[in-house]
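Structure first, then comments.
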Amino acid sequence: MTLKNFAELGITSGFVKGLSELNIVEPTDIQARVIPLLLTGATDIVAQAQTGTGKTAAYGLPLLAQIDPNMSSVQGLVLCPTRELAKQVAKQLFKFTKYSAKIFTEAVYGGEAIDRQISCLRRPTQIIVATPGRLIDLVNRKAVDLSTIKTVVLDEADEMLSIGFKKELDEILSFLPAIESKWLFSATIPPGIQELISKHLAKDAQRIEVSREDTINKNISHQYQSCHDSEKLHALLLYLESEQENRGVIFCRTKAATKALAEQLIEENIATNAIHGDLYQKERDKVMRAFRNKTLRVLVATDVAARGIDVSDLAFVAHYQLPESDEYYTHRSGRTARAGKGGISMCFANNAEVKILRNYENTLGIKFRQVKGIGSY
């Protein structure tokens, strides 16, 4: 029998009510398969699923269900690759608990004053969402006690490794004396992740893989315009004009290209700003606040900086430069067509890039439709 709602998965009524208010009613494939397993008790799990498949609720709801609200000690730890994702996860966990017993979650990450975070951790905190580097800093300063943590979640584990957090992950996972459950979520399982699994997770760890077919968001229309590099800006401007007031994210591969494109769009009187790795946390927060408040119509971003961007009602994602891998294409395009709505993933591609799109069709199981635009050939 197919499970149709969260109550049937074992989620309590308070959490179900919180989910309904967020318009999360029908479980995704990863949620339907993972939640009942994680609710059964202590277990290690390796779950392979793409971004945008509902991973936060898949591990977040069982994690919240385990927490004893009467104990003020840290009981759960979620590790994330970027500060944006850490903030997003903490925010989601908070929203899930609107109609349940109060569970206190604190997000800690680099790029923000550590003293302020230390001060926040002095309050009762039951779940910590952290980037690995900042967590190590806090442990070294004896500002956080990991000795009572029973469950650790590694969210986007492959991304944490690619950023260079292997040493920190080894260190953190080796120093959790009361740990009972380790839940690893990753889009891919490269050798480095397999090594981590072999070293730190139980030999009988459950493995869940959401098939490629199940991860494809059918509400995304994948399109492309073929144009020379010199024509891309003009093609993008015409596309933005055709989208009228619709909002979206434009992706570039490098920080330099991201900054340059944002400046060019601003010169064309398009309400734009850029988000990339060179920004201080305060600057990032200011840009994201303006985007969420709809002061900005368009955000220009690099792939890593865009991790954790969760803004509703984005009509399109535009790829001004194609990403380094098909995994990143999935991450990018998943910013649109959320909560059952439709969206467009538009690529501006030169001859060589059109061939890459053909590879995406094979590896990702999607189909691109060519759209005639300026300079199309």
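Values quoted throughout were computed directly from the atomic coordinates according to the rules given, and no laboratory measurement underlies them. Computed from a prediction, not measured in an experiment: that's the story for all the values here. Neighbour counts are summed over all protein chains in view; Cβ atoms, including those assigned to glycine, are modelled from backbone coordinates with ideal geometry.
Tabulated values for the structure
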quantity: Residue match in the range 341-361 (condition: closer than 21 Å to ALA90 by Cβ and out of contact with any Gly (no Cβ under 6 Å at 6 or more places or on another chain)); calculated: no
quantity: Strands (runs of 3 or more DSSP E) (entirely within the range 40-114) containing at least 2 residues that are under 26 Å from SER20 (Cβ atoms) and free of Cβ contacts under 8 Å to residues at least 40 places away in the same chain; calculated: 105-108
quantity: Single residue of the range 127-143 satisfying the filter (in contact with a strand residue (DSSP E or B) (Cβ under 7 Å, 6 or more places away or on another chain) and not basic (Lys, Arg)) that is farthest from THR43 (Cα to Cα); calculated: LEU138
quantity: Residue under evaluation ASP229, criteria (1) in contact with a Lys or Arg (Cβ under 8 Å, 6 or more places away or on another chain); (2) closer than 28 Å to ILE275 by Cβ, criterion not met; calculated: (1)
quantity: Per-region count, the range 330-372, residues within 26 Å of SER312 (Cα to Cα) and assigned to a helix (DSSP H, G or I); calculated: 6
quantity: Residue, nearest to SER73 (Cα to Cα), within the range 139-161, restricted to residues that are touching a Cys at 6+ places or on another chain (Cβ under 9 Å) and part of a loop (DSSP other than H, G, I, E, B); calculated: ASP155
quantity: Residue in the range 163-203 that is farthest from ILE45 (Cα to Cα), counting only those that are of a type in the set (Ser, Thr, Tyr) and surrounded by 18 or more Cβ atoms within 10 Å (Cβ to Cβ); calculated: SER186
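Results for (1) under 26 Å from LYS341 (Cβ atoms); (2) under 23 Å from the mean Cα position of the chain (by Cα); (3) aromatic (Phe, Trp, Tyr), shown as yes or no for each residue.
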site: GLU241; (1), (2), (3): yes, no, no
site: GLN244; (1), (2), (3): yes, no, no
site: ARG253; (1), (2), (3): no, yes, no
site: LYS259; (1), (2), (3): no, yes, no
site: GLU263; (1), (2), (3): no, no, no
site: ILE266; (1), (2), (3): no, no, no
site: ASN269; (1), (2), (3): no, no, no
site: THR272; (1), (2), (3): yes, yes, no
site: ASP278; (1), (2), (3): no, yes, no
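Yes/no matrix, rows are residues, columns are (1) more than 24 Å from the chain's Cα centre (by Cα); (2) closer than 22 Å to PRO36 by Cβ:
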site: THR151; (1), (2): no, yes
site: ASP155; (1), (2): no, yes
site: SER162; (1), (2): no, no
site: LEU184; (1), (2): no, yes
site: LYS199; (1), (2): yes, no
site: GLN206; (1), (2): no, yes
site: ASN219; (1), (2): no, no
site: GLN223; (1), (2): no, no
site: LEU237; (1), (2): yes, no
